[in-house]
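Okay, so here's the structure we're looking at.
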Amino acid sequence: MRIVVIGGTGHVGTYLIPRLVAAGHRVVNLSRGGRRPYTDHSAWGDVEQLVVDREAEDRAGTFAGRVADLAPDAVVDMVCFTEESARQLVDGLPRGL
């Protein structure tokens, strides 16, 4: 499975992403790029890292399209803080995802 994790370098993502990789998933992490995971793990070498300013892209209405263009089988959003942001993302992803 191709899994996109939004905000995966925080506390929970630091432990989630290596487990996803170990389970055989292809993982893409979208983050601001300002933080490293809390702990080092060799699995991070297999993770595609993309730097994204979600707030700016939400304002521009481009974030959901960026995520959809990655063709994920699943999306894990660790940093959604507003209902509007959630709606934009859900509405911009293909049905059934």
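The values are calculated or read from the model by the stated rules, or taken from the named source; none is laboratory data. Computed from a predicted structure; not experimentally measured. Cβ atoms come from the backbone with ideal geometry, glycine included; neighbour counts cover every protein chain shown. All accessible areas refer to the heavy atoms of the entire protein, side chains included, with ligands and DNA or RNA removed. Shrake-Rupley method; radii C 1.70, N 1.55, O 1.52, S 1.80 Å.
Of all residues in the range 32-64, those satisfying the criterion of being surrounded by 13 or more Cβ atoms within 10 Å (Cβ to Cβ) and in a helix (DSSP H, G or I) are Ala43, Trp44, Asp46, Arg54, Glu55, Glu57, Asp58, Phe63, Ala64.
With the requirement that a residue be hydrophobic (A, V, I, L, M, F, W, C) and under 17 Å from Ser85 (Cβ atoms), what does the range 12-62 give you? Reasoning before the result, please.
We begin by selecting, within the range 12-62, every residue hydrophobic (A, V, I, L, M, F, W, C); these are 12, 16-17, 20-23, 27-28, 30, 43-44, 47, 50-52, 56, 60.
Answer for the range 12-62, where residues must be hydrophobic (A, V, I, L, M, F, W, C) and under 17 Å from Ser85 (Cβ atoms): Leu30, Val52, Ala56, Ala60.
Working carefully through the options Pro72, Pro94, find the one that is open to solvent by less than 50 Å² (accessible area, probe 1.4 Å), assigned to a loop (DSSP other than H, G, I, E, B) and touching a residue at least 12 places away in the same chain (Cβ under 8 Å). Give the steps one after another, and end with the answer.
Numbers: Pro94 fails: open to solvent by less than 50 Å² (accessible area, probe 1.4 Å).
The unique qualifying residue is Pro72.
Within the range 29-43, is there a residue that is aromatic (Phe, Trp, Tyr), touching a residue at least 12 places away in the same chain (Cβ under 8 Å) and within 16 Å of Gly92 (Cα to Cα)? No, that holds for no residue.
Looking for something at pLDDT below 95, touching a strand residue (DSSP E or B) at 6+ places or on another chain (Cβ under 7 Å), within 18 Å of Met1 (Cα to Cα) and part of a helix (DSSP H, G or I) - is there at least one such residue anywhere in the range 13-22? The answer is yes, given that some residue of the range 13-22 is at pLDDT below 95, touching a strand residue (DSSP E or B) at 6+ places or on another chain (Cβ under 7 Å), within 18 Å of Met1 (Cα to Cα) and part of a helix (DSSP H, G or I).
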